[in-house]
Structure formats: C-alpha cells, structure tokens
Amino acid sequence: MSAASALRITVAINPNASFGHNREVGPRVVEALIAAGHDVAMLREPNFELLRREVAHAVEAGTDALVVVGGDGMVSLGTNLVAGTAIPLGIVAAGTGNDMARGLGLPVGDTDAAIRTLLDSLHRDPRVIDAARVRHGDLTTWYAGVLSAGFDAVVNERANTMTRPRGSSRYILALLRELLTLKPVSYILTIDGAVREVEGMLVSIANNVSLGGGMRVAPDALLDDGLLDVFIVKKLSRLEFIRVFPKVYSGTHTTHPAVEILRATSVRIETVTTIVAYADGERVGPLPVDITVVPGALRMLV
C-alpha cells in the first residue's frame, strides 16, 4: 500500500464488544482514518447477522481494506469474508478475549496505541498468515485462531444458552457447572489420514497460540508455518483436570503426560456423543467437522 494514496476502508464495529464497555472505540477509529485522508465506510448494526450481511455487501462492492473493531468474534466475521482474497484485514482489539490481536502482536487494552498501529500498518505490506477451512456438513467456514471441540466448547455452548448473569462472569458460572458433570469423551481423530481413537477431555485445532482470553493451548503454534497444532488432553480424573487446567494460562500444561500436541495439515474430529465445535469463539455446529489449513489465506494489517 502506498503511503500517499487514500484508501477505501470498511470499518465494521461490534457495538456490544466487551459487553458494551468499549462503544467509543469504533467511532474513534473512523475519525482517525478520515483525518488521515482515507475514504471510510462505517458499519454498525444492532445484531451480528445484520452486520455480517452489510459487511459482506461492502466487501463484494469493493474495498481496499476491512478493519474490524471488537473481539475474536469480529475477527471471525472478517476472516470469513476476506480469507482467500487480496483484501487485508485489520483488527482494533475491543473485545473480552482478543486472542488474535495478541497472536499478531497488536496492542490490547490501549485504544490509542491500537489506532496508531492501524494507521502505520496501512503504509506497509500486510503480513501473510494461514487460516483454517472447516467443513461441517454442507457448510464451509474459516477461522484464524483456534477451533475447540472439548470441555471449553461445552462451556461456551452452555454460556450461550444462559441469559444471566451478564458479562464475563457468565462463562465462569458455565465452567463451574460443567465441571460438576465433567467426563471424558470418545473421539475419533483422523490426522493427516491416520485414524486414532482417543478418550479425552479436550481437543483443539490451533493456528494461533491462545483462545478464551489467554488460554495458551498451543504455546508453540505459528500463524504462518502451513501447519495446525492438534492439542489433545487425554482422560483425567476430575480432580486432576482441575489441577492441570489453570496451567494452560502460562502454557506450562504441555509437560503433563496426558497432554499431547501434534502438527498436521488436515484433521477430522468425530465423537460418539454430541459435542458442538466452536471456532474463534463462534458456533460451528455439532461434530463431525473436517479442518484443513490453507497456507497464506489471510493478509493482516500489523
């Protein structure tokens, strides 16, 4: 991108990011881009599906860049619209998790720094990273971060069905409730064509290091190595799982004998019981799913 050229930039804003605590961030991003001489279309809608539809129309009509303001749900929205295209994706972190922003080294918790980084990135070539393509029945979606298909996905599914409490404490309550009935799941994993049966607590397929606001499930994952990190936690007692689980925040869980991390280009996940997969915090649907890495599928403004 040329430093001298004015760009057509679509800015998609989630007004409910971080449970509505960061409503001022989107307008500040737009003001800064306009002040820098760019042609900006600001899109805000009352719900996620309407916003996705409007942003899709803007991308189809033609834009030089898509900037999402929010958390990993907004990154998911952007990824699904520009993966496999030449349109670069920018992120201004304003959500609760912000794992993709962290993985890219973008500012989190500092709006001024995030805006400065965005403005500077428009003068540089985008960073090219991988994305993962997920097939669920007849539906194909993309993700840039992590797909979950274990205990963390079950917690997410329960939290999404709860109306109270509001805010992040809902996820903590959902986690505590699920711990009461925690038991291993019988997985059938096809990893680069090799079939394995695993009794496990967690299975995640990671392109990025973390999910859930800093859970470093795959601490050595690289965004641009053409590989996915397959994170497996095998059968554990409830007490041992509770003891090991907090270590995921420091990434020190990987030395536990029940933890295994493999690298692959394609993974199929099946289960006997019903587990709903989540990718970048967004619901994909009940297993089975087929996941394939697509090297260089995303161009990121960093």
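Using the Cβ-Cβ distance between Ala113 and Arg23 with R0 = 22 Å, the FRET efficiency computed as 1/(1 + (r/R0)^6) comes to roughly 0.70. Stretching Thr274 away from Ser250 to a fully extended chain increases their span by 5.6 nm, per 0.36 nm per residue minus the current alpha-carbon distance. Please work out the Kirkwood hydrodynamic radius for the range 186-269, using every pair of different C-alpha atoms, and report it in angstroms with one decimal place. Kirkwood hydrodynamic radius for the range 186-269: 13.1 Å. For Val128 and Asp192, FRET efficiency with R0 = 30 Å and r from the beta-carbon atoms, rounded to 0.05? About 0.85, to the nearest 0.05.
Considering only Ala132, Gly103, Ser121, the residue lying farthest towards the positive end of the dipole of the range 1-147 is Ala132, judged by Cα position with unit charges set on Cβ.
Taken along its three principal axes, the alpha carbon spread of the range 1-151 comes to 45, 32, 29 Å, from the longest extent down to the shortest. With protein chains left intact and a 1.4 Å probe, residues in the range 1-121 average 41 Å² of accessible area per residue. In terms of Cα atoms, the Rg and Dmax of the range 86-228 work out to 17.5, 52 Å.
Between the residues Val67, Pro246, Ala277, the greatest Cα displacement towards the positive end of the dipole of the chain, with unit charges on the Cβ of Lys, Arg, Asp and Glu, is found for Pro246. Computed over protein heavy atoms with a 1.4 Å probe, the carbon and sulfur contribution to the accessible area of the chain reaches 52%. Dipole magnitude for the range 121-264: about 680 debye, using +1 per Lys or Arg Cβ and -1 per Asp or Glu Cβ, origin at the Cα centre. His123 sits with roughly 90 Å² accessible to a 1.4 Å probe, with DNA, RNA and ligands left out of the calculation.
If the only charges are +1 at each Lys and Arg Cβ and -1 at each Asp and Glu Cβ, what is the size of the charge dipole of the chain around the Cα centre, to the nearest 20 debye?
The calculation lands at about 800 debye.
Coordinate range of the alpha-carbon atoms in the chain per principal axis, descending: 58, 42, 36 Å.
Measuring between their Cα centroids, the range 269-299 and the range 85-111 lie 21 Å from each other. Computed FRET efficiency, Cβ-Cβ of Leu180 and His57, R0 45 Å: what is it to the nearest 0.05? Efficiency computed from Cβ-Cβ geometry: 0.50.
Computed across the range 149-302, the Kirkwood radius stands at 16.1 Å (inverse of mean 1/r, all Cα pairs).
What number comes out for accessible area per residue over the range 242-302 if the probe is 1.4 Å? Units Å², please.
Ligands and nucleic acids excluded, the figure is 45 Å² per residue.
Distance between the C-alpha centres of the range 169-218 and the range 43-77: 28 Å, rounded to the whole angstrom.
The values are calculated or read from the model by the stated rules, or taken from the named source; none is laboratory data. Bear in mind the structure is a predicted one, so any value in this text is a computation, not a measurement. Glycine gets a Cβ as well: all are built from the backbone with ideal geometry, and neighbour counts include every protein chain shown. We work out accessible area using only protein heavy atoms, side chains counted, and drop any ligands, DNA or RNA first. Shrake-Rupley method; radii C 1.70, N 1.55, O 1.52, S 1.80 Å.
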